[in-house]
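The values are calculated or read from the model by the stated rules, or taken from the named source; none is laboratory data. These figures come from a predicted structure and were not determined experimentally. We place every Cβ from the backbone using ideal geometry, glycine too, and count neighbours over all the protein chains shown. In case anyone asks, the SASA skips ligands and DNA or RNA and just uses the protein heavy atoms, side chains included. Shrake-Rupley method; radii C 1.70, N 1.55, O 1.52, S 1.80 Å.
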Amino acid sequence: MKPFYIFNSLSRSVEEFHPAGSPDADGVTEVTYYSCGPTVYLPQHLGNMRAYLFVDTLRRALEFNGYRVRHVMNITDVGHMTSDEDAGEDKIEKTARAEGKTPQEVAEFYIAQFKRDCARLNIQLPEPPRLSRATDHIGEMIALIGRIIQNGYAYVTPSGVYFDVEKWRGRSRIGRLSRQSLDEQHAGQRLEHSPDKKSPHDFALWVLNQPHHLMQWDSPWGRGYPGWHIECSAMSMKYLGETLDIHSGGLDHIPVHHENEIAQSESATGKPFVRYFVHNAFLTGMEGAKISKSAGRFPVLDDLVADGINPLAFRLLCFGAKYRSEMAFSLDAVRAAEKNLYYLYDFVLGLGDTDVTNEKDSPWVESFRGRFHEAINDDLNTPRAFAVALDLVAESYRRKDRLIWNTLQLFDEILGIGLKEWCAVHRREWEESINTLAKQRHQARLNRDFAEADRLRNLLLALGWIVEDTPESPTGYRLKRSRE
């Protein structure tokens, strides 16, 4: 197995990845992977979808390297306030009140939209229960909070159960991920210094005495609802164990959400929570501002579809940038990516039957496989990997040698643009169109309209097909590719 390197936010360095598990009887090692998923109160904007494309690419890369990935993604449908601190209103309930719906109706609507957009981007989501809704795991959250209290790192007050941050970490110690003090971590955020909190830095594990909150559950401390941070710890540990191989999320999760996850998880278990934290950068607008719902800038996938753009063009746009680098979004950039998409599709469309059925590619193709794999294993260097794929097709044209189909399909295990599906559907449609033109030409000959017959013959030739008139054929003609 070739070494796979990834940037670990815990060490702030690119490290060779080593999962905790050992190979099974078949020689396959399992990787446990948890990724932060959507809060389902509004459509997921393109910045969100870039993050989920990164999750999909990382999972594909691990599988490409022979690992079996046990992947869990959360769906937050309760407890995420309008501030990442404990301030404001529950985001889902805010939408529910504005739209005159129940929180459950809001969540179901936006979960369905999220799944639809993921399907259009060819993002492979885990199946339930590993696509885990917070409201389905309240019991696990209550149990985990109980362990934290028992270990002395949380305290119960009339307004809620709070995590004692300073007891866990101490004011002088910097955050393990953020490398910041508590004050630096929360700089620019409005901290709710409830009189019940020992410190404004303490965060809610369970919220009590909020009679207007629409979603509440019984607990040992009273009727209430979970804080946002406890959800990820409880759900990840239920399905993946108390120490995860990989946890991913956006860079904005580092100073608060992921620091809090580490604190509450390790205070409960006494074990390291995550071995590799991996974070993706933001998508920005033309003016360089982060695309976000709170900023009022959030183009969604439907906007691209309305402009006649293939959604997979956005997938390739994201593939063309390093996941740790900010990426500027513009329609021009998406359309340029779409040209590359159809460059690959058009190549596939022109493959002959022998090209797609041959079990082996030409020998010269092997070096491209090595270059592609090397790029993917170099901290997911997707721009370099995509350049290798484009170079492969260009070299195929230059050599006039189309025996590269097996390698293209291998690359598409990472690219995820559905080359095999495109080949199956559109080559059939294409050949039906070619047959229609050939029939029209044959009818023109029967009608002695030789000028039209010649025009159609030349059109077929331009499309890569030769039509031969032969009385032996039931149709009166035979088609073959011009290069065969």
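Projected onto their three principal axes, the Cα atoms of the stretch 1-122 cover extents of 55, 31, 26 Å, largest first.
Long hydrophobic helices in the chain, taken as whole DSSP H segments with a C-alpha length of 24 Å or more on their own axis and mean Kyte-Doolittle hydropathy at least 0.0: 46-64, 331-349, 382-399.
Extension gain for D303 to R68 (0.36 nm times residue separation, less C-alpha to C-alpha distance): 81.1 nm. Here r is the Cβ-Cβ distance between R335 and A20 and R0 is 45 Å; the resulting FRET efficiency, rounded to 0.05, is 0.55. Could you name the aspartates and glutamates in cross-link range of K91, using Cα to Cα under 12 Å and dropping any fewer than eight places away on the same chain? Cα-Cα hits under 12 Å: D77. Candidate cross-link partners of K271 among the aspartates and glutamates, defined by an alpha-carbon separation under 17 Å and a same-chain spacing of 8 or more, comprise E242, D245, E259, E261.
On a full-extension model of 0.36 nm per residue, what is the gain between T354 and R116, subtracting their alpha-carbon distance, rounded to one decimal in nm?
Numbers: separation 238, 0.36 × 238 = 85.68 nm, distance 3.56 nm.
So the extension gain works out to 82.1 nm.
Summed over the residues of the chain and divided among them, the accessible surface reaches 44 Å² per residue at a probe radius of 1.4 Å. Working note: 222 nm ellipticity from helices only, DSSP H runs with n ≥ 4, each -39,500 (n - 2.57), summed and divided by the residues of the chain, gives -14000 deg cm²/dmol to the nearest 500.
Length available on full extension from S13 to S433: 0.36 nm per residue minus the Cα-Cα distance, which gives 145.8 nm. By a 1.4 Å probe calculation restricted to protein chains, C36 has an accessible surface near 10 Å², given to the nearest 10. Using the Cβ-Cβ distance between Q409 and N381 with R0 = 30 Å, the FRET efficiency computed as 1/(1 + (r/R0)^6) comes to roughly 0.90. Measuring nothing but protein heavy atoms, the accessible surface of the chain at 1.4 Å probe radius is 50 percent carbon and sulfur.
Within a straight-line Cα-Cα reach of under 28 Å, K322 can be paired with the following lysines, leaving aside sequence neighbours fewer than 8 residues apart in one chain: K2, K115, K290, K293, K339, K420. Measuring only protein heavy atoms, the 1.4 Å probe finds Y342 accessible over about 80 Å². The computed semi-axes √(5λ) of the Cα gyration tensor in Å for the structure shown corresponds, within [x] 37, 26, 21; [y] 53, 25, 19; [z] 40, 23, 21, to [y]. Both radii were evaluated on the Cα set of the stretch 253-408; the Rg over Rh quotient, with Rh as the Kirkwood radius, amounts to 1.09.
Under a Cβ-Cβ cut-off of 10 Å, what is the net charge of the residues other than V72 that fall near it, where Lys and Arg count +1 and Asp and Glu count -1?
+3
Normalised by the number of residues in the chain, the mean separation of alpha-carbon contacts (under 8 Å, six or more apart) gives a relative contact order of 16 percent. Measuring with a 1.4 angstrom probe and ignoring ligands and nucleic acids, S178 comes out at about 10 Å² accessible.
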